[in-house]
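The values are calculated or read from the model by the stated rules, or taken from the named source; none is laboratory data. Since the structure is predicted, the reported quantities are computational estimates derived from the model, not experimental observations. Note that each Cβ is placed from the backbone with ideal geometry, even for glycine, and that neighbours are counted across all protein chains shown.
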Amino acid sequence: MLTMKDIVREGNPVLREVAEEVSLPASAEDKKILQDMLDFVINSQDPELAEKYELRAGVGVAAPQIGISKRMFAVHVTDEQDQLYSMGLFNPRIVSHSIEETHLEGGEGCLSVDRDVPGLVPRYSRITVKGTTLEGEEVSLRLRGLVAIVFQHELDHLNGIMFYDRIEGFKDKLKKELPHLKG
Ligand code: UDB
Ligand code: ZN
C-alpha cells in the first residue's frame, strides 16, 4: 500500500523530468503500479484510513510523484454534477481545449509540496483528454470544472511542470517589488 512516505517532494529532480510514454498494452507491473496509485487516492479520501496512515486527502496522483517517470496518473474526484471520475490512465493527452480559462478560487496545492503557495493557477475551462484506462480501453473524455483542473494538474506532472510555474502575475509582482530590474 502506498502512503505519504512514497510521495516524492519538490526538490526531487524526477518531478522536473518529462516522463516516458508507457508501452501498450501495459505490462502487469505498470498496471499494478497504476492500480496502487488509484488505491492510494481512494484510501486517502476514507476518513478512517486517512487518519490511520496520515494521508492527505488527495484527488489525483501522477507516477513521477512516486518516483516513476512514466506517463500515467490516477484520479478519484467528483464533479459539480456528482459524477465520480475514478480511474487510472496510461499516456493521457489533451486533444482539444477551450480558449476560455478558469482557476480554483483558493489556488492550488500539491501532494508533493509541503507549503502554501498563494496565487491563482490558470487552467483551460474545458478539455478533451484521450488515454488508455487500467482496463486497456481507449477513452476520450470531455471534462470541465474541478475534474478538468485536476486532469490538467496531473498532466503537468508528466511534463515536469509544477502548479506554481503557472501562477499569474509573477512577473508583474516582481516588477513592483524590484522596479530597477528591466524586462
Ligand atoms: C490534491 N486536493 O489532492 F477544489 F473537493 C489536493 C491536496 C494537495 C490539497 C491534497 C485538493 O485540491 N482537493 C480538492 C480541491 C477542491 C475540491 C475538493 C477537493 N492535489 C493532487 C495532487 O497534488 N496531484 O498531483 C492537488 C490538486 C490541486 C488542483 C488539482 C489537484
Ligand atoms: Zn500535484
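Against the condition in a strand (DSSP E or B) and either among the hydrophobic types (A, V, I, L, M, F, W, C) or under 23 Å from residue 5 (Cα atoms) (or both), how does residue 148 come out, does it pass? In short, no. On the given criteria, is residue 115 more than 16 Å from ligand 2 (Cβ to nearest atom) and either among the hydrophobic types (A, V, I, L, M, F, W, C) or modelled with pLDDT of 95 or more (or both)? Against the criterion (more than 16 Å from ligand 2 (Cβ to nearest atom) and either among the hydrophobic types (A, V, I, L, M, F, W, C) or modelled with pLDDT of 95 or more (or both)), residue 115 does not qualify. Residues that are touching a helix residue (DSSP H, G or I) at 6+ places or on another chain (Cβ under 9 Å) and on the phi > 0 side of the Ramachandran plot do occur in segment 63-73. Remark: pairs (first residue in segment 97-111, in contact (Cβ under 8 Å) with a residue 12 or more places away in the chain; second residue among the polar types (S, T, N, Q); Cβ separation under 6 Å; 6+ apart in sequence or on different chains) = 98/125; 100/125; 102/125.
Across segment 70-95, the qualifying residues are those that are crowded, with 17+ Cβ neighbours inside 10 Å and farther than 17 Å from residue 132 by Cβ, and the one among them that is nearest to ligand 1 (Cβ to nearest atom) is 77.
Here residue 183 clears all of (1) under 18 Å from the mean Cα position of the chain (by Cα); (2) modelled with pLDDT under 95 except the condition numbered (1). Filter segment 124-149 for residues that are under 14 Å from residue 93 (Cα atoms) and of a type in the set (S, T, N, Q); which is surrounded by the most Cβ atoms within 10 Å (Cβ to Cβ)? In this case the residue turns out to be 132.
Inside segment 15-41, can you point out the residues that are aliphatic (A, V, I, L, M) and either free of Cβ contacts under 8 Å to residues at least 12 places away in the same chain or closer than 14 Å to residue 73 by Cβ (or both)?
Once the filter is applied, which keeps residues that are aliphatic (A, V, I, L, M) and either free of Cβ contacts under 8 Å to residues at least 12 places away in the same chain or closer than 14 Å to residue 73 by Cβ (or both), segment 15-41 yields 15, 19, 22, 26, 28, 33, 34, 37, 38, 41.
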